[in-house]
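Peer 1: Submitted below is the structure of interest, expressed as structure tokens.
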Amino acid sequence: MPQHIEGNLLAENNDRFAIVVARFNDLVTDRLLDGAVDTLRRHGVGDEKMSIAHVPGSFEIPIVADRFAKTGKYAAVICLGAVIQGETTHHEYINHQVAAGIMQISRETGVPAIFGVLTCQTTDQALARAGGKAGNKGAEAALAAIETVNVLRQIGEK
Ligand code: INI
């Protein structure tokens with residue numbers, strides 16, 4: 001039988017979680033943050049185990065998330081933002097750089113950096129994914145953080 005490694009959704013007592021959230025489109029990102037914090041609490045993470053950094057826009061998420069990851073104090077870093085298409089291609093540059101930047105943090109530090117950045121065409125689409133009819137991607141990002149930490153712990157040391 002192959003060995004299956006599956007993460008559970010219980011945060012361990014000493015695990016600390018960092019959240020980096022963009023202020024841009026805060027109507028949406030405030031809701032993503034609420035979803036993430038609520039989910040961490042429900043899965044056993046006390047408020048004293050959460051650090052939340054607010055950054056101007058999604059483009060600034062990677063630099064701050066990287067700093068959190070490199071402190072070695074956090075089990076995971078949850079990145080939250082909402083990039084909504086405007087009249088230009090500005091959003092494309094942001095989306096690609098933010099996604100790549102967040103992935104790079106995981107790979108360089110071994111600390112999972114979770115991609116909870118919405119990339120939407122309209123504000124309605126974003127609101128639907130921030131506690132509306134399509135769920136809350138902030139809450140999903142928090143679950144992904146807990147699960148990934150658990151999988152990595154089962155596999156063992158870096
Ligand atoms: N930042 C976002 O988080 N979402 C957006 O939709 C957005 N748009 O559309 O411009 C946005 N721009 C700001 C950007 O993230 C940086 O803060 C800015 O370019 C300064 O570096």
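The values are calculated or read from the model by the stated rules, or taken from the named source; none is laboratory data. Just so it is clear, the structure is predicted and the values come from calculations on it, not from any experiment. Every residue, glycine among them, receives a Cβ derived from its backbone with ideal geometry; neighbour counts consider all protein chains shown. Heads up: the accessible areas ignore ligands, DNA and RNA and are worked out on the full protein's heavy atoms, side chains in. Shrake-Rupley method; radii C 1.70, N 1.55, O 1.52, S 1.80 Å.
Peer 1: Can residue 154 be described as in contact with a helix residue (DSSP H, G or I) (Cβ under 8 Å, 6 or more places away or on another chain) and open to solvent by 70 Å² or more (accessible area, probe 1.4 Å)?
Peer 2: No; evaluated as a whole, the condition is false for this residue.
Peer 1: Take the residues in segment 1-51 that are within 16 Å of the ligand (Cβ to nearest atom) and of a type in the set (Asp, Glu); name whichever of them is nearest to residue 78 (Cα to Cα).
Peer 2: Across segment 1-51, the extreme among qualifying residues is 30.
Peer 1: Then there is this: Would you call residue 104 out of contact with any strand residue (DSSP E or B) (no Cβ under 7 Å at 6 or more places or on another chain) and at pLDDT 95 or above?
Peer 2: For residue 104, the condition - out of contact with any strand residue (DSSP E or B) (no Cβ under 7 Å at 6 or more places or on another chain) and at pLDDT 95 or above - is met.
Condition check ((1) crowded, with 18+ Cβ neighbours inside 10 Å; (2) acidic (Asp, Glu); (3) over 17 Å from residue 16 (Cα atoms)) across all residues:
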{"site": "88", "(1), (2), (3)": "no, no, yes"}
{"site": "92", "(1), (2), (3)": "no, yes, yes"}
{"site": "95", "(1), (2), (3)": "yes, no, yes"}
{"site": "102", "(1), (2), (3)": "yes, no, yes"}
{"site": "109", "(1), (2), (3)": "yes, no, no"}
{"site": "123", "(1), (2), (3)": "no, no, yes"}
{"site": "127", "(1), (2), (3)": "yes, no, yes"}
{"site": "131", "(1), (2), (3)": "yes, no, yes"}
{"site": "145", "(1), (2), (3)": "yes, no, no"}
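Peer 1: Tally time: how many residues in segment 73-95 are in a loop (DSSP other than H, G, I, E, B), touching a residue at least 24 places away in the same chain (Cβ under 8 Å) and among the small types (Gly, Ala, Ser)?
Peer 2: Of the residues in that region, 1 qualify.
Peer 1: Among the residues of segment 109-116, are any out of contact with any Phe, Trp or Tyr (no Cβ under 7 Å at 6 or more places or on another chain) and assigned to a helix (DSSP H, G or I)?
Peer 2: Yes, that holds for at least one residue.
Peer 1: Are any residues in segment 12-66 farther than 22 Å from residue 151 by Cβ, open to solvent by 70 Å² or more (accessible area, probe 1.4 Å), in a helix (DSSP H, G or I) and without any contact (Cβ under 8 Å) to a residue 60 or more places away in the chain, and if so, which ones?
Peer 2: Matches in segment 12-66: 26, 30, 47, 48, 59, 63.
Peer 1: While we're on this one: Residue under question is residue 61, and the condition is that it be within 11 Å of the ligand (Cβ to nearest atom), touching a Gly at 6+ places or on another chain (Cβ under 7 Å) and of a type in the set (A, V, I, L, M); does it hold?
Peer 2: For residue 61, the condition - within 11 Å of the ligand (Cβ to nearest atom), touching a Gly at 6+ places or on another chain (Cβ under 7 Å) and of a type in the set (A, V, I, L, M) - is met.
Peer 1: Among the listed residues 1, 103, identify the single one that is without any contact (Cβ under 8 Å) to a residue 60 or more places away in the chain and in a loop (DSSP other than H, G, I, E, B).
Peer 2: 1
Peer 1: Is there a residue in segment 10-19 that is of a type in the set (Lys, Arg) and in contact with a His (Cβ under 7 Å, 6 or more places away or on another chain)?
Peer 2: Looking through segment 10-19, none of the residues is of a type in the set (Lys, Arg) and in contact with a His (Cβ under 7 Å, 6 or more places away or on another chain).
Peer 1: Considering only segment 129-136, I want to know if a residue exists there that is within 12 Å of the ligand (Cβ to nearest atom), under 30 Å from residue 6 (Cα atoms) and over 12 Å from the mean Cα position of the chain (by Cα).
Peer 2: no
Peer 1: Considering only segment 67-86, state which residues are within 11 Å of the ligand (Cβ to nearest atom) and either β-branched (Val, Ile, Thr) or open to solvent by 30 Å² or more (accessible area, probe 1.4 Å) (or both).
Peer 2: 83, 84, 85, 86 - these are the residues of segment 67-86 that are within 11 Å of the ligand (Cβ to nearest atom) and either β-branched (Val, Ile, Thr) or open to solvent by 30 Å² or more (accessible area, probe 1.4 Å) (or both).
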